[in-house]
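Undergrad: Here it is, the structure in full.
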Amino acid sequence: MTRPKRSQKDSAQRPDAARILVLHGPNLNLLGTREPQIYGHTTLADIHAAMAARARAENVIVESFQSNHEGQLIDRVQAAASEGIGFIVINPAGYTHTSVALRDALAAVSIPYVEVHLSNIHAREPFRQHSYFSDRAAGVICGLGAYGYMAALEYALSRLRDAQH
Ligand code: DQA
């Protein structure tokens with residue numbers, strides 16, 4: 001499990017800051033070395049650092065959580081409800097195509113989310129072309145590599161800005 005540094009300090013120093021949760025499913029801890037021809041060379045730590053820096057400019061805290069375990073991802077989503085998380089960016093990875101339970105957790109907390117995939121899942125094996133998350137997502141980004149997370153973040157930031165007015 002990778003839990004890039006955050007936020008406890010951030011939260012204490014910026015108690016009024018809005019918060020975005022970025023969830024990464026199984027095997028994404030291996031980004032950078034995992035099938036780089038498909039997933040690129042950018043690591044999860046790089047992605048977190050870029051997102052956190054961009055969000056900080058708008059006084060928004062980005063928390064990132066990766067797990068190889070379905071139950072831990074579900075627990076993290078459930079906890080988000082009581083933590084004031086305003087938006088979720090999620091790459092469910094392999095659970096995209098299998099996890100009713102993680103989908104149900106997102107529905108239960110009613111936090112809006114964008115689904116991100118590094119690769120274009122529609123250009124790959126047929127089993128990757130169904131997602132349990134897409135129909136409930138505010139939007140789906142796939143095939144743009146690590147940039148997809150930044151695009152999702154821009155959307156999340158705009159949603160949080162709108163919510164403040
Ligand atoms: C992925 C696509 C999934 O099909 C795969 O199982 C992953 C990563 C992506 O980011 O392209 O682990 O979600």
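The values are calculated or read from the model by the stated rules, or taken from the named source; none is laboratory data. Only a predicted model underlies this, so the values are computations on that prediction, with no experimental measurement involved. All Cβ positions, glycine included, derive from the backbone under ideal geometry; neighbour counts span all protein chains shown. All accessible areas refer to the heavy atoms of the entire protein, side chains included, with ligands and DNA or RNA removed. Shrake-Rupley method; radii C 1.70, N 1.55, O 1.52, S 1.80 Å.
Undergrad: Compute the helix-to-body angle for 100-109: its Cα long axis versus the longest principal axis of the chain, expressed 0 to 90° and rounded to tens.
TA: 20
Undergrad: While we're here: Using only the alpha-carbon atoms, how far is helix 147-164 inclined from the longest principal axis of the chain? Give it as 0 to 90 degrees, nearest 10.
TA: The helix 147-164 is inclined about 40 degrees to the chain.
Undergrad: Please say if the stretch 86-165 is rounded, prolate or oblate, where rounded means a/c under 1.5 for a ≥ b ≥ c the square roots of the C-alpha gyration tensor eigenvalues, and otherwise the choice is prolate for a/b larger than b/c and oblate otherwise? Could you put the intermediate results ahead of the total?
TA: On the way: a/c = 2.87, a/b = 1.36, b/c = 2.12.
Here the stretch 86-165 falls in the oblate category.
Undergrad: I've got another one for you. From the helices alone, meaning DSSP H stretches of at least four residues, give me the mean residue ellipticity at 222 nm for the chain, per-run term -39500 (n - 2.57), in deg cm²/dmol to the nearest 500.
TA: On the way: 6 runs with 63 residues, N = 165.
The helix-only estimate for the chain comes to -11500 deg cm²/dmol at 222 nm.
Undergrad: Quickly work out the Gln72-to-Val140 label distance, labels modelled 7 Å from Cα along the C-beta direction, and quote it in nm with one decimal.
TA: Rounded to a tenth, the inter-label distance reads 2.7 nm.
Undergrad: Give me the 1.4 Å probe accessible area per residue for the chain, excluding ligands and nucleic acids, in Å². Mind dumping the intermediate values first?
TA: On the way: 7930 Å² over 165 residues.
Heavy-atom SASA per residue in the chain reads 48 Å².
Undergrad: Expressed as an acute angle from 0 to 90° and rounded to the nearest 10, what is the orientation of the C-alpha long axis of helix 44-56 relative to the principal long axis of the chain?
TA: Tilt of helix 44-56: around 30 degrees.
Undergrad: Is the C-alpha gyration tensor of the stretch 12-129 telling us rounded, prolate or oblate? Criteria: a/c under 1.5 is rounded; beyond that, a/b larger than b/c is prolate, otherwise oblate. Don't skip to the answer; put the middle values down first.
TA: Working: a/c = 2.14, a/b = 1.29, b/c = 1.66.
Since a/c reaches 1.5 but b/c is at least a/b, the shape of the stretch 12-129 is classed as oblate.
Undergrad: Right, next: Accessible area of the stretch 54-165 with a 1.4 Å probe: how many percent of it is carbon plus sulfur? Walk me through the intermediate numbers first.
TA: Values: 2520 of 5010 Å².
The C+S portion of the solvent-accessible surface of the stretch 54-165 is 50 percent.
Undergrad: Around Thr96, under 14 Å between beta carbons, what's the net of Lys plus Arg minus Asp minus Glu among the other residues?
TA: Charge balance in the 14 Å sphere: 0.
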